[in-house]
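What follows is a single structure, written as structure tokens, with notes after it.
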Amino acid sequence: MTAAAATSNTTGGGAPPPSPSSDDPNARYTFNDAALTALRKSSPWKDDPSYFQSTAISPSAVMKMMTHCHSGVEKGVKKGGNPIEVMGLLLGRPDPNTPKTLVVTDVFPLPIEGFETRVIADDGDVINHMIALGESLETTRKEKFMGWYHSHPFDVGIHSHCFLSQTDISTQLQWQRAEDPHGNPFLAIVVDPLRSLAKGHPELKAFRAYPPEYTNPIPNQCPDGSIIHEEQLRLEKWGSCSSAYYELEVEYFMSTGARNVLSLLNRNFLWMRALGSSAMCEKEARGRYPERVEKVAKKISKLDPQSGSGSGGGGGDGPGGMMMGSHHRGRSKATSSSGSGGAGGGTTASLEEKMGNKPPSSAEGGSSGIPKEENGSDELGKACQEVVEITTEKLVGNIAQLTKKDLFSHVASS
């Protein structure tokens, strides 16, 4: 049953239907119209900058988003350039049964393409397209446009590229100021298509922006609620505006009918695809693999194995320079230092400190006033983590291929 069909049941005569239970798998596909109207009218999110805690996304919305974002990657690569950033609108509503959850039922791609710098809907044709689309949906759907999504097709690294840049924050705040007071809270979703291809599952995150006058009472808190004291690591994971927005938990919902169909497909058909294919053998994965290896090799070559510090400073062709989207990223490259004071930290630091999970102790350069980011151990840890990820993917893929070969060879011989 589609969302449109479900919501049409709420407009008939007589008493409104009871609110569905939150435990019902079909609950997200219908709603009490009167309860939703009351929620929009009260707008409790106006008094709480972090009111919403989660978002629920339908399977069709996820598939359409991922397909659109992957098409931008393919289009840019076919032209011999970088992957193209794309943008679209989210259709949905706040949920009266779980008021702190935003429900995304559908998405609509927009004719917007961005190269490296930004994706923003400021073109006249795009605005007219949005107006026409909104008018057509008013007659067929009870939901409203309640958010936007766009892609960050940057190189696969140790961190997800799902974050909001300064331009994204500005765009999101404009939407929130225009829509939130009228009972339509606005959501932002960022998709990392290249990481999704590499990992084999959707890599996306949902965000809301804080009002400009809001100050987070917890120092160094990141959008996901974690606290990272190292500024450089915070920049790499969440961009330069990490204190200006927060992350919502993402969940996916599916109707009973869809679950039954998927179960049938898995039992009768999809198991063959799982046995007959390997992620590492896919065309996209094979194409990105040499680039990932070259990137890590360049990063390691710039590190002094004796001191763990950079040899020769950071050039424009370093790992940070190889990644596109300088405006979107809003992240400064990790600085490297070949000066004194870093030798001890590079060889005696614990594994946790090299991986950037805790600040360096005073015995490892803290008392000398040299930040951890400057002694190269952060860069060494990141390089090691990338090597582990690439190696693990190849090992798992090879093991899977050998297992399949042994299995099918044994079946054929018998």
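The values are calculated or read from the model by the stated rules, or taken from the named source; none is laboratory data. Because the structure is predicted, anything quoted here is derived from the model rather than measured. With ideal geometry, Cβ positions are generated from the backbone for all residues, glycine too; neighbour counts draw on all protein chains shown. With ligands, DNA and RNA removed, areas are computed over all heavy atoms of the protein, side chains included. Shrake-Rupley method; radii C 1.70, N 1.55, O 1.52, S 1.80 Å.
Couple of notes before you dig in:
- Taking amide hydrogens as placed 1.01 Å from N in the peptide plane, the amide H of V107 sits under 5 Å from those of L91, each at least 5 positions away in sequence or on another chain.
- Taking every protein chain into account, the 1.4 Å probe leaves K79 with about 140 Å² of accessible area, to the nearest ten.
- Sequence of R286, R195 from largest to smallest accessible area, 1.4 Å probe: R286, R195
- Taking 0.36 nm per residue of sequence separation and removing the Cα-Cα distance, the S409/K298 pair yields an extension gain of 35.9 nm.
- If you sort V86, V77 by accessible surface, 1.4 Å probe, largest first, the order is V77, V86.
- Each of I57, G76, S43 was scored by the projection of its Cα onto the charge dipole of the range 32-109, and the greatest displacement toward the positive side belongs to G76; charges sit on the C-beta of Lys, Arg, Asp and Glu.
- Principal axis dimensions, the range 133-197 - Cα atoms, whole angstrom, descending: 43, 25, 14
- Quotient of Cα Rg and 2.2 N^0.38 Å for the range 67-214, N being how many residues it contains: 1.06
- Loop GluC sites (Glu not before Pro), the range 127-225, which have at most 14 other Cβ atoms in a 10 Å radius of their Cβ (DSSP): E213
- Across H68, H201, H229, the residue with the most accessible area heads the list, and the full order at a 1.4 Å probe is H229, H201, H68.
- D48 accessible area, assembled protein chains, probe 1.4 Å, Å²: 50 Å²
- Cross-link pairs K299/K405; K237/K302; K302/K394; K46/K205; K205/K295; K78/K382 - those with Cα-Cα distance over 29 Å: K299/K405; K78/K382
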